[in-house]
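Encoded as structure tokens, the structure appears first; notes follow it.
The values are calculated or read from the model by the stated rules, or taken from the named source; none is laboratory data. Please read all numbers here as calculations on a predicted model, not as lab measurements. As a convention, Cβ positions derive from the backbone with ideal geometry for all residues, glycine included, and neighbour counts pool all protein chains shown.
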Amino acid sequence: MEQVAGVKVLEMPGAVSEHDFGDLLRPLIEPGFRLAFAMLRDPQAAEDVVQEASFTAWRKVARLNDPSRLRAWFLGVVANKCRNARRGKWKVGVTLGLPDELSVVSNEERSMQGADLRRAVARLDHDDRLVVVLYFYLDMPLDEVALIAGSSVAATRARLYRSVRRLRPDVAVQEALK
Amino acid sequence: MSLRTDVHTAFDEVAPSTFGMPDRVVRTVVAELPERRRKERWFVRLRAPLSLVAVLLLLSIAVGVLVGGRVARDWNAFTRPAPAGYQPTELERLEARPLVLPSLKAGDTCPETPLNQYGLYGYWPVLGAPGSAVSSAWGTYWYPAVVTDSRLTGLVLVRARDLQSGQPVIFVGNSATGPVVGTDTLNGVLIQQRRDLVLDTRHPPLNTLGPGSYTWGITAGRAKGGSACIGWQIDTTGYPTEVFVPRQIPT
């Protein structure tokens, strides 16, 4: 039995056809890309990660024993690919250089605040950043975040609180979680 | 504004449009699937043979290390010179030189060596000088001398035999060496008789016959019953063996 992002997958007879797999995959691409983009801050690297995650998903999707967990399972694969992409960036020279300062002249102050927040999220370690992105950016419920992060709900909640305190030290956690 | 809203705003304002991306990614993935599947199959097929090859490679390396180590050790043992403790010493090398003194039969004439221009026997860098003799209950003792070139820096091994009987001549004193072959009392002193004489020219005596040479006074002896025909063999490091037979000493 194999554990992928907290989802137990079993060997199942038969394989998913390419057409069926495409249909399964299509609605997962956008959340997968948003997750990868928020984690890596590089649109090209994010798309590559989603593509690689798709190949991995195709190889293992036949063993997924609970189709209702497909999204969580796929995002878990994406998260693992993001971790590997960041590990390998020293070797392949991947630039994660999304400009922190945007030339948005219409709302300069808001843009500065956004840049600060992106920098703060980027400073979190991978697991903390993953929880923050899934919870706040992909608006996923905590139990699904825990499933993707591969930890318990309690541990995920503790991780989320800790990350919020780092991002907004001057704001109460419950207030920030709204 | 809540943190959720801020996070949305912060990332959405820099995120590129995903319009068309799902279709693009799915198309790419589906198009590459056959190739990936083929590679997967090859990989699965090769996994077992590759594992076997890896194991065999590891075994080969292990065997190579073992065999190579043994061969290297044997080669080293083969090519390494003998340990210092087993190196023949300078004296052993001189002792290993064979005795080339002639053996005379009864009635043969003693092949006496004439004195050279210096009134000595032999030739440079080691010469023999005749000396006086005294008799004892055991036999006869002589007090000859050996003259060596002062430039010598090695050992000089002196061996002597009665050429008629083959009986060895013995030596007495500090320079006498080899196994003790007998004892006697000479001039009221108990002495040990040894078979050979070794002169270490690195520690020469103070007396000398002249500049450029050292004179070593020695004591040699022959038991009663031998002939007066004595052959001397001188072996010097770095020089060929030298043999001379002094004029016969009356017994």
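Overview of results
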quantity: Qualifying residues in the range A:133-142 (those that are free of Cβ contacts under 8 Å to residues at least 60 places away in the same chain and surrounded by 24 or more Cβ atoms within 10 Å (Cβ to Cβ)) - the one nearest to the other protein chains (Cβ to nearest Cβ); calculated: A:F136
quantity: Lone qualifier among B:L127, B:L91, B:L104 - being outside any loop (DSSP other than H, G, I, E, B) and surrounded by 19 or more Cβ atoms within 10 Å (Cβ to Cβ); calculated: B:L127
quantity: Output for the range A:38-72, where each listed residue is within 30 Å of A:L117 (Cα to Cα), part of a helix (DSSP H, G or I) and not hydrophobic (A, V, I, L, M, F, W, C); calculated: A:P43, A:Q44, A:E47, A:D48, A:Q51, A:E52, A:S54, A:R71
quantity: Residue under evaluation B:T28, criteria (1) over 30 Å from A:L35 (Cβ atoms); (2) touching a helix residue (DSSP H, G or I) at 6+ places or on another chain (Cβ under 8 Å); (3) of a type in the set (S, T, N, Q), criterion not met; calculated: (1)
quantity: Subset of the range B:3-55 [assigned to a helix (DSSP H, G or I), within 10 Å of another protein chain (Cβ to nearest Cβ) and hydroxyl-bearing (S, T, Y)]; calculated: B:T5, B:T9, B:T28
quantity: Residue that is farthest from the other protein chains (Cβ to nearest Cβ) [pool: residues in the range A:33-82 that are over 9 Å from the mean Cα position of the chain (by Cα) and among the aromatic types (F, W, Y)]; calculated: A:W73
quantity: Out of B:R159, B:R222, sole residue that is over 22 Å from B:E90 (Cα atoms) and assigned by TED's automatic domain parsing to the domain that holds B:L101; calculated: B:R222
quantity: Set A:L130, A:L75, A:L35, A:L28: member being out of contact with any strand residue (DSSP E or B) (no Cβ under 9 Å at 6 or more places or on another chain), in the same structural domain as A:V153 (by TED's automatic domain parsing), at pLDDT 90 or above and assigned to a helix (DSSP H, G or I); calculated: A:L130
quantity: Failed condition for A:A120, given (1) exposed (fewer than 15 other Cβ atoms within 10 Å of the Cβ); (2) over 14 Å from the mean Cα position of the chain (by Cα); calculated: (1)
quantity: Residue list for the range A:111-127, restricted to those being away from chain B (no Cβ under 11 Å) and either part of a helix (DSSP H, G or I) or farther than 23 Å from A:K81 by Cβ (or both); calculated: A:R123, A:H126, A:D127
